[in-house]
Each structure stands twice: as structure tokens, then as C-alpha cells.
1. Enumerate the pairs (first residue in segment 203-216 and part of a helix (DSSP H, G or I); second residue anywhere and at pLDDT 95 or above and buried (at least 24 other Cβ atoms within 10 Å of the Cβ)) with beta-carbon separation below 7 Å, excluding pairs fewer than 6 apart on the same chain, so at least 6 apart or on different chains.
2. Restricting attention to segment 269-319, which residues are part of a helix (DSSP H, G or I) and among the aliphatic types (A, V, I, L, M)?
3. Residues that are of a type in the set (A, V, I, L, M, F, W, C) and over 29 Å from THR195 (Cβ atoms): does segment 351-368 have at least one?
4. Looking only at segment 69-92, filter to residues that are within 16 Å of the ligand (Cβ to nearest atom) and in contact with a Cys (Cβ under 9 Å, 6 or more places away or on another chain); which one of those is farthest from ALA166 (Cα to Cα)?
5. Among the residues of segment 82-108, count how many are over 24 Å from ALA335 (Cβ atoms) and polar (S, T, N, Q).
6. Any idea which residue in segment 104-158 is farthest from the chain's Cα centre (by Cα), counting only those that are among the β-branched types (Val, Ile, Thr) and part of a loop (DSSP other than H, G, I, E, B)?
7. Could you check segment 54-68 and list, in sequence order, the residues that are within 16 Å of the ligand (Cβ to nearest atom) and over 19 Å from LEU266 (Cα atoms)?
8. Here are some residues: VAL173, VAL225. Which one is surrounded by fewer than 24 Cβ atoms within 10 Å (Cβ to Cβ) and not polar (S, T, N, Q)?
Amino acid sequence: MASSFYPPQRTLMGPGPSDVSARVLGALSRPTIGHLDPLFVTLMDEIKVLLQYAFQTTNELTLPVSAPGSAGMEACFVNLLSPGDKVIVCQNGVFGGRMKENVERCGATAIMVEDTWGEPVSVDKVIAAFDEHPDTCVLAFVHAETSTGVRSDAAALCKLATERNALSIVDAVTSLGGIELLVDEWGADAVYSGTQKCLSCVPGVSPVTFSPRAVERINNRGHKVQSWFLDMQLVMGYWGGSSKRAYHHTAPVNALYALHESLVMLQEEGLEAAHRRHRHNHLALVAGLEAMGLSMVVAPEYRLPQLNLVNIPEGVDDAALRSTLLEEFDLEIGAGLGALAGKAWRIGLMGFASSERNVITCLNALEAVLLRQHAAINPGKALNAAQAVLKG
Ligand SMILES: *Cc1c(COP(=O)(O)O)cnc(C)c1O
């Protein structure tokens, strides 16, 4: 007979999920109520306002899709694209490749703009792609590439899309809550995110927001969205502004209690303060890693503070090191993905997990395990270097 599952208390410093606070877990375990209960409807309204704050937008169509970030991605593509449309897709890591998949499954054509993994999207290459394909109707790119730890210039890319009369689709799964994301100021049209990265909420929900231009495109579609579940015109009847809510699907009630709590925490801290905290802890981690003799993959100006790509030193057994960290130190860090598999670690400092405690924990554990593997590092230096930044 199976028995109850009791997971260990891990420290989650990979590419997500990140550590969920006791406060958010507490909210998750409150009594389930009906998803059309007037009190739940009030909560839905509040979540919408809190998401508008997180996204820095007044977009009416701002809501959490009841499925993970990948569903938010799919919601943006299936609602905005029609067969035959031309879409410029920027790829500088794993997630741009998924955008291409989405475009093609909508029967649209993806015009790929590729950049080296570890580098940001080249705005000049996107300009050249628009020059070559002036009939492009959507520009899609990843703001914070979680596979490489790189931030691209979302403001410039959104502005370019608007100038070329195209809509922008922005993957902000890892950026929301961790770095500046100004949906209205940048003129981003369809933006999707996730709960388990810098919001430090449980996985399984995807906040999305659509600009008035994007809503107009959705309302003027010539034919039905191929996905019934993700059809925003139907979802709007459930999450819409009017007091009359029509049943579409059962919202993940408790997961939304958790999302609400994590957004309340973000509002209490303030967006700018949250961004500063992410940056501060990132600088301390990098100082410690470099003092230890390790090197970073990404140039400083493009680094994501919430996801740190570290080159694996020569001779180190990557898989053995990560399993020792997990088994003996209850510490999860991420493996390299795609082109960076076996070459880099991905150390997350996302949301609630971006703390001084985690910076110190990670540096100590990593140093201990590297020493066991006789790696050529400088022992005894990382703590001082990190501390100097943390207390500086
Ligand atoms: C994690 C992630 C996703 C996918 O989110 P899921 O919640 O795993 O479906 C998409 N894009 C980026 C950039 C991500 O980091």
C-alpha cells in the first residue's frame, strides 16, 4: 500500500521552481471554496489588480492562465496567430526554439533570427529581418533566457515591433519579479510568465497580459482559436471585468490563494526593492564564485541576477557534484541545457530564494564538494568576497 509523501526541505537554487515561502504554502493549505463563490470572485479581482502591478500595466486582459508557463506561451501564440502569418522569432537559447514550435503549430511561418547561446538578441538582426519581411505581423522573443542566463533588450525590441506595425510576444517567465519589466512603457503586446520563478509561488499557473492592440487582434480573428481551453475570448467570460462570470473551467482555487499571497508579498516589498535585492545577492554570489576561481558564462552587462551561469571547471564530474549537493546538502542547482549541457551550472537566485542565506549556503556547499573532487579552486576566499558585497 502506498503511504503519504513527505518531501525533504530542499533549498531550490536551480532554474525553477524556486523556494516557496512558508507564508505562500500556508495560503495554499487554506480551505477550498467554490470557484464561483462570491468571495473567490473577489479574490480573482484582487489577483488581477496585483498582476497589473507586477506587470506594470493597466491592461484589462491580465489574468493567470490555469496551467504552467508553457500554457501561457501557447495562449499568446494561438490567440494572436492565424495560418499564413509571418512571425519573426528570436532564438538565443532553448525557449526561443519552443516559440518556433508554437508558431509552426499555428500554421504560421517562423522567420528565425538566431544569436549565440550566452549572448542577447541582436536588435540589428531583428531590424534586418523586418526590412526583408515587411509583412511580418508578430515579433516574438524571450526577455530572460533561462537556459543561458541572458537578458535581452525588451524595451528596444517592443519599440521596434510597434514601429513596424507588428505585435510583440514576450516570454517573461523568468523576468517577472526579478528584473525590470515595464509592459505599458515598453509597449509589449502579449506577455506571459510563470509562478514558480521569481514570484516564488507553487508551479502550475501562468500570469499573462494582453495590450488593447492585442485584444483588438483577438476580437477580429477570422476563425476560431484552435485551442478551446486557451481561447481568450472564452476565458474572458470567466475572468472578465463584468460581475457576471460564466463557467469555463474550474480555476485552481488553492493555487490561486498561493499566487495571491506571493503577489501581496511582492507588493509589500515593492517591485524596485525586489529588483535591488535580486541584484545585490547576485553580485555577492558572483564575487564569491570568482574569488573561488570560477568564471561566469555571460558578460556582466547581460547577466540575469536571478539566474547565474557558471563555467564548470576542467576535470569536475558535473553529475556527481550536483547529486552530492542534492543528497548531502539538500541543495538543488541547475544543469546546463542544450548547447551548455555539461559545460555550465545554472544557479538560481529567484524570488524568495534570492537571500543572503542562500548565497552563503551555496558558496559553502559548492566549495566543499569541489574540494572533495580535488578541483583546482582557491579555497577559503569565497565567503569573504561575498560578505564584502553583502555588508557593503
Ligand atoms: C520555465 C520557463 C518556461 C516554461 O515554464 P513552465 O512553467 O515550465 O511551463 C518558459 N520560458 C522560460 C524563459 C522559462 O524559464
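The values are calculated or read from the model by the stated rules, or taken from the named source; none is laboratory data. Computed from a predicted model, the values in this text were never measured in an experiment. When we count neighbours, we look across all protein chains shown, and the Cβ atoms used for this are built from the backbone with ideal geometry, even at glycine.
1. ARG213/LEU167; ARG213/ASP189; ALA214/LEU80; ALA214/LEU167; ALA214/ASP189; ALA214/ALA190
2. The answer is LEU271, ALA273, ALA274, LEU283, ALA284, LEU285, VAL286, ALA287, LEU289, ALA291, MET292, ALA319.
3. For segment 351-368, residues of a type in the set (A, V, I, L, M, F, W, C) and over 29 Å from THR195 (Cβ atoms): present.
4. Among those residues, the one meeting the criterion is VAL78.
5. Residues flagged as over 24 Å from ALA335 (Cβ atoms) and polar (S, T, N, Q) within segment 82-108 amount to 2.
6. Among residues in segment 104-158 that are among the β-branched types (Val, Ile, Thr) and part of a loop (DSSP other than H, G, I, E, B), the one farthest from the chain's Cα centre (by Cα) is THR136.
7. Residues satisfying the conditions are VAL65, SER66, ALA67, PRO68.
8. VAL225
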